[in-house]
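S.K.: Please read through the structure below; I'll follow up with questions.
The values are calculated or read from the model by the stated rules, or taken from the named source; none is laboratory data. A quick note: this is a predicted structure, and the numbers were derived from the prediction, not measured. Counting neighbours? That spans all protein chains shown, and the Cβs are built from the backbone with ideal geometry, glycine included.
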Number of protein chains: 2
Amino acid sequence: MPLVVQKYGGTSVGDADRIRAVADHIARTRRSGDDVVVAVSAMGKTTDELIRLAEDVSAVRPGRELDMLLTAGERISMALVCMALADLGIAAESFTGSQAGIVTDSVHTNAKILEVRGDRLRDAITRGVVPVVAGFQGVSVEHDVTTLGRGGTDTTAVALAAALGADRCEIYTDVTGVFTADPRIVPGARRLLRVSFEEMLEISATGGRVLILRSVEFARNHHVPLEVRSSFTWEPGTWVSEEDATMEQAIVSAVTSDTSEVKLTITGVPDRPGIAASLFRALADASVNVDMIVQNTSHDGTTDISFTVPRTELAVAVQIAEGLAPKIDAAAVLVDDAVAQVSVVGAGMKTNPGVTATMFEALAREQINIQMISTSPIRISCVVDAASADAAVRVLHDAYGLASSGDGLRPARAGG
Amino acid sequence: MPLVVQKYGGTSVGDADRIRAVADHIARTRRSGDDVVVAVSAMGKTTDELIRLAEDVSAVRPGRELDMLLTAGERISMALVCMALADLGIAAESFTGSQAGIVTDSVHTNAKILEVRGDRLRDAITRGVVPVVAGFQGVSVEHDVTTLGRGGTDTTAVALAAALGADRCEIYTDVTGVFTADPRIVPGARRLLRVSFEEMLEISATGGRVLILRSVEFARNHHVPLEVRSSFTWEPGTWVSEEDATMEQAIVSAVTSDTSEVKLTITGVPDRPGIAASLFRALADASVNVDMIVQNTSHDGTTDISFTVPRTELAVAVQIAEGLAPKIDAAAVLVDDAVAQVSVVGAGMKTNPGVTATMFEALAREQINIQMISTSPIRISCVVDAASADAAVRVLHDAYGLASSGDGLRPARAGG
C-alpha cells in the first residue's frame, strides 16, 4: 500500500473548522487506499503567544524550558486532529516527537535530527491507525525535549517520510505551490508544476519563503519527493523532486528577492596576501554567516572588500571589522543596510549561455545599479538598492518570459 | 537537607505575575536551606479552554487524545515557572509526568498511579536543581500519556513526596487552609491549624472542596504530612497529619455540606431476604456509587428503600431501579433531586457521647427535617432538603461552638 506523509502548517490547523477540514482530507486520502502519516504544526499563532508569555514571565528563558513550553503547541493541534478523525471513523493516534522516536542532538531551540526510530509509527500503520506526529519537536539523547527551529515541521515531515520509506511527502500550507516569483510582487507570477531539488534549494536560499532550506536538503539527501500544495484549495501544487534527465529543463524557473542581508565594505585594505583571510576567519570564529564577497581590483596598492551578512548578525560583524581595520591598516568600515539580493534560478542555466547577459541588460534598462554579483551553476544573484528590489524582480520575471510560459516546465527562452 | 514538595494549583499560576510570585516563594524556600520539588497545575482556565476546543472539533474525543491535549496545560505552566526561577538565579528543570517516572494504569482521563520511579528527579536534586513536575499527568505502561482525573496535581504532589521521602508536602491553593465550615456559608468559620488524615478524609468525602479525597488517602497511606496554605497570602495554613494520641482531640472539627447527590426511593418493596441485595448488586454492576442507604421498618409486609447516588449517575440509577421494580413487585421509584447532605466531622466524637443528640436538637430548633442519617466513628451525616442546607450548616457550626474556639485544636465542648 502506498505510504504518504502529509504535513499541515499552523494556518492549515488554525481553528476548529480548519482542523475538521484537514481531518476530512486525511480521511479522504486514507479511504483512497493510501497509508497516511501526518505531521502537524501548532495552531496559528499559538507559538507566538507562548513566546510572548515566556517574555512576560522571564528575561532569561533557558532553551531547555523554551522547548518544553513551545512543544505544548503541537501537542494541542495533534490531539485535536486525532479527535476530528475519530468523528470521521478514522482510527488515529497522536505521537510526540519523543514517542515517534525523533532523536536529536541537544542544541535546544535549534536541534538537528540524529535518527528517526519510528517503531511506534510502523506499529500504528500495521494496525491500520493513522499516526499524527507533533512537528518541530524531538527528544535529545539525554531524554530532554528539543525543538528543530524555524520550519521544523517541514523537517519532521521529510524526516518521517525518509525513515518510513514513504512514496511521497505532501507539504500543505497557505499557498498553492512554488511560484515563478512572489505573487505579491509580480501579480502575473505562475505556479510551477515541478522544480528540481537543486532549484528549490537555490529558491529557498535566496528568499523563497515556501520551503525552508533545511527540509529541502533533507528531502534531496533522502530522495523524498515533495509536493507543496494548499490546504485551503486542495488543488495540485508544485512537485519538488530529482532532476529528470529526459526532460528539457527550464532555463530560469523563478526570480527571488531577499532583504534579510546587509552589506559591509572595508575600504583601503592593503593588497597583501592573508589580509582577507584574517577578516573572514575572525567572522567565522564569531559564527557570522558571510554570504557574498567581492574584492575590487587593487588600486594604488589598496583594495575594497565588500561582503554581505544576515541583518541579525550585523552588530557582531561590524564589531569584528572595526576591531580588525586598524590592525590591517584599512581606511574605514562602511555599512549599507538598505540593500536587497535579487536572484534568478534555473537548472537549464548550466547548459544555456546568455542568461547572465539578459539579467544585466534587463536591470540596466530599468536604471538599476548592480552592487555585487554572485553565481552558482543554476543561480545568478545581484545585490541592488533595496528600494529597487521589487522593480528588479518584475523586470527579470518579464525578461525571462516567466508569466507567458505554457506549462511551467519550459519557459520561453527569453534568456537564452 | 530537608526535602519539601510544593504543589501550586491553577489559580496560583494563573498569569505571569502569579508565576513570578510562585517562583519567588520557591526561591525563598530553596534559599532557606530546603531541597524543593514542585508540582504545578495548568494556568487558570487553560484546561477548560482546551476542553472547549476539543468540543468544538469533535463529538467523539477519545480518552487517549483528550489526555494528550490536556497535558499541554501543565507543560506550559511548568516551563514558565522554571524560566521565572532562572531569572532569580535558581537552577530549575521541568519534567513531564513521563520524565518524572510517574507510571499509571491505562485508564485514560482517570488513571491511577502504579509507581513513581523518580530517578531523574533524584538526579536533579543531587545536582542542586529544583525539579518542576507537571501535575495531573503520567505515562501508562503502554507508554501512552495519561491524566489522573480531578485534583490530579494534588495526587501528583503527594505521590512525589511519598516516593522521594519528602519531609512535608505543601499544597498551595487559593484559600488559606481547611476551615470549620465553608466561609461563604458561615462568615465566622475559623481556619483549623491541624486536622488528622481521618478527619480530612471525612471532610473531603462530605463536601469539603479544599483537598480531593484521593490525595488525602494517598498521603495517609504513605505518611506524608500535608500543609494546605494560600499562595496569595503565604500565611501558615492547615496541617493534615497523623492523629497525635497525646493531644486532646476536637469533638467536632468541621461542618460540611454537599449537594452533589440525589435521593431515590423505591416504595412498597416486599420485605423478603435478597430483594435489597438484587438492587444494590445491579447498581454496583453498572458502576453506580451508592452512598447512604436507609430501609424503613416493614409495614404490612412491604418497606421503602431510600438511597443516595451522585447526581451525574442519576439517569443510570433510575433506569436500573425502574427496570427492577416490577420484577420485585415494588410499587414505585421516586426521585428527589433537591436534597443536601450536611455532616459534622471530628476525631473526638469517638470518645464523646452526645454529639448526635446535639446535631438533631440543633436541626429541630430550625425546623429542618432529617430525611436520612448515616454515621462513621468520626462523622454524622444527615440528608435534608436542599433549600435548608446552608441554614443547617450555620446552626450546626454554632451549636458546636466552632467559631468561638481559641486555637482550632480544642473547640468548646458545646456538643459534648
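S.K.: Does any residue in the stretch A:84-96 that is more than 8 Å from chain B (Cβ to nearest Cβ) come within less than 8 Å, Cβ to Cβ, of a residue that is surrounded by fewer than 21 Cβ atoms within 10 Å (Cβ to Cβ) and among the acidic types (D, E) six or more places away or on a different chain, and which pairs are these?
M.R.: Between residues of the stretch A:84-96 that are more than 8 Å from chain B (Cβ to nearest Cβ) and residues that are surrounded by fewer than 21 Cβ atoms within 10 Å (Cβ to Cβ) and among the acidic types (D, E), the close pairs are A:L88/A:D24.
S.K.: Condition first: within 15 Å of A:I293 (Cβ to Cβ) and in contact with a Leu (Cβ under 7 Å, 6 or more places away or on another chain). Now tell me which residues in the stretch A:249-263 satisfy that. Walk me through it before giving the result.
M.R.: First, the residues of the stretch A:249-263 that are within 15 Å of A:I293 (Cβ to Cβ): A:261-263.
Across the stretch A:249-263, the qualifying residue is only A:V262.
S.K.: Here's something else I'd like to know. Answer yes or no: is there a residue in the stretch A:37-53 that is closer than 30 Å to B:L88 by Cα and facing chain B (nearest Cβ under 9 Å).
M.R.: yes
S.K.: Then there is this: Answer with yes or no whether A:G237 is of a type outside the set (S, T, N, Q) and either in the same structural domain as A:Q137 (by TED's automatic domain parsing) or closer than 19 Å to A:V344 by Cα (or both).
M.R.: no
S.K.: Only one of these conditions is not met by A:A27: (1) within 8 Å of chain B (Cβ to nearest Cβ); (2) touching a residue at least 24 places away in the same chain (Cβ under 8 Å); (3) in a helix (DSSP H, G or I); (4) not basic (K, R). Which number is it?
M.R.: (1)
S.K.: Continuing with this model, one more query. Any residue at all in the stretch B:119-128 that is touching a His at 6+ places or on another chain (Cβ under 9 Å), closer than 25 Å to B:D24 by Cα and either surrounded by fewer than 23 Cβ atoms within 10 Å (Cβ to Cβ) or touching a residue at least 40 places away in the same chain (Cβ under 8 Å) (or both)? Reasoning before the result, please.
M.R.: Of the stretch B:119-128, the ones touching a His at 6+ places or on another chain (Cβ under 9 Å) are B:120.
This time we only want the ones that are closer than 25 Å to B:D24 by Cα, so: B:120.
Among the residues that remain, those that are also either surrounded by fewer than 23 Cβ atoms within 10 Å (Cβ to Cβ) or touching a residue at least 40 places away in the same chain (Cβ under 8 Å) (or both) are: B:120.
Yes, the stretch B:119-128 contains a residue that is touching a His at 6+ places or on another chain (Cβ under 9 Å), closer than 25 Å to B:D24 by Cα and either surrounded by fewer than 23 Cβ atoms within 10 Å (Cβ to Cβ) or touching a residue at least 40 places away in the same chain (Cβ under 8 Å) (or both).
S.K.: Turning to a different aspect of this structure: Can you tell which of B:V288, B:V262 is part of a loop (DSSP other than H, G, I, E, B) and in contact (Cβ under 8 Å) with a residue 12 or more places away in the chain?
M.R.: B:V288
S.K.: What pairs come up if the first residue lies in the stretch A:201-222 and is in the same structural domain as A:T259 (by TED's automatic domain parsing), the second is at pLDDT 95 or above, and their beta carbons are under 7 Å apart, counting only those six or more places apart or on different chains?
M.R.: Hits for this filter: zero, empty list.
S.K.: B:A331 versus (1) modelled with pLDDT under 95; (2) surrounded by 16 or more Cβ atoms within 10 Å (Cβ to Cβ): which is the lone unmet condition?
M.R.: Condition not satisfied by B:A331: (2).
S.K.: Can you name the number of the only condition in (1) more than 10 Å from every other protein chain (Cβ to nearest Cβ); (2) in contact (Cβ under 8 Å) with a residue 24 or more places away in the chain; (3) part of a strand (DSSP E or B) that B:G33 fails?
M.R.: (3)
S.K.: Right, next: Which numbered condition in (1) closer than 22 Å to A:T71 by Cβ; (2) without any contact (Cβ under 8 Å) to a residue 24 or more places away in the chain; (3) more than 7 Å from chain A (Cβ to nearest Cβ) is the only one that B:V13 fails?
M.R.: Result: B:V13 passes all but (2).
S.K.: Follow-up. Sort out which residues of the stretch B:97-138 are basic (K, R) and more than 15 Å from B:L164 (Cβ to Cβ), and write them in order of number.
M.R.: In the first step, residues of the stretch B:97-138 are kept if they are basic (K, R); the result is B:112, B:117, B:120, B:122, B:127.
Of everything in the stretch B:97-138, just one residue is basic (K, R) and more than 15 Å from B:L164 (Cβ to Cβ), namely B:K112.
S.K.: Hey, another quick one. Out of the residues in the stretch A:357-367 that are within 15 Å of A:H397 (Cα to Cα) and touching a helix residue (DSSP H, G or I) at 6+ places or on another chain (Cβ under 9 Å), state the one that is surrounded by the most Cβ atoms within 10 Å (Cβ to Cβ).
M.R.: Result: A:M359.
S.K.: What about A:D67, is it part of a helix (DSSP H, G or I), at the interface with chain B (Cβ under 9 Å from one of its Cβ atoms), under 22 Å from A:L213 (Cβ atoms) and within 24 Å of the chain's Cα centre (by Cα)?
M.R.: yes
S.K.: Can you find a residue that is in contact with a Ser or Thr (Cβ under 8 Å, 6 or more places away or on another chain), under 20 Å from B:I51 (Cβ atoms) and at pLDDT below 95 anywhere in the stretch B:135-149?
M.R.: Yes, that holds for at least one residue.
S.K.: On to the next question. Strands (runs of 3 or more DSSP E) wholly in the stretch B:91-191 with at least 3 residues that are closer than 28 Å to A:Q99 by Cα - which ones?
M.R.: Output list reads B:92-95, B:102-104, B:113-116, B:130-134, B:137-140, B:145-147.
S.K.: Out of A:S260, A:S230, report the one residue that is at pLDDT 90 or above, among the hydroxyl-bearing types (S, T, Y), surrounded by fewer than 23 Cβ atoms within 10 Å (Cβ to Cβ) and farther than 20 Å from A:D174 by Cα.
M.R.: A:S260
S.K.: Further question on the same structure: Kindly list the number of the only condition in (1) surrounded by fewer than 19 Cβ atoms within 10 Å (Cβ to Cβ); (2) more than 8 Å from every other protein chain (Cβ to nearest Cβ); (3) not basic (K, R) that fails for B:D56.
M.R.: All conditions are met except number (2).
S.K.: Of all residues in the stretch A:1-54, how many are among the basic types (K, R) and in contact with a helix residue (DSSP H, G or I) (Cβ under 8 Å, 6 or more places away or on another chain)?
M.R.: Final tally of qualifying residues: 2.
S.K.: Among the residues that make up the stretch B:80-96, is at least one of them within 30 Å of A:V22 (Cβ to Cβ), touching a helix residue (DSSP H, G or I) at 6+ places or on another chain (Cβ under 7 Å), assigned by TED's automatic domain parsing to the domain that holds B:R150 and surrounded by fewer than 19 Cβ atoms within 10 Å (Cβ to Cβ)?
M.R.: no
S.K.: Also: Anything in the stretch B:20-57 that is modelled with pLDDT under 95 and in contact with a Leu (Cβ under 8 Å, 6 or more places away or on another chain)? List them, or say none.
M.R.: Once the filter is applied, which keeps residues that are modelled with pLDDT under 95 and in contact with a Leu (Cβ under 8 Å, 6 or more places away or on another chain), the stretch B:20-57 yields only B:T47.
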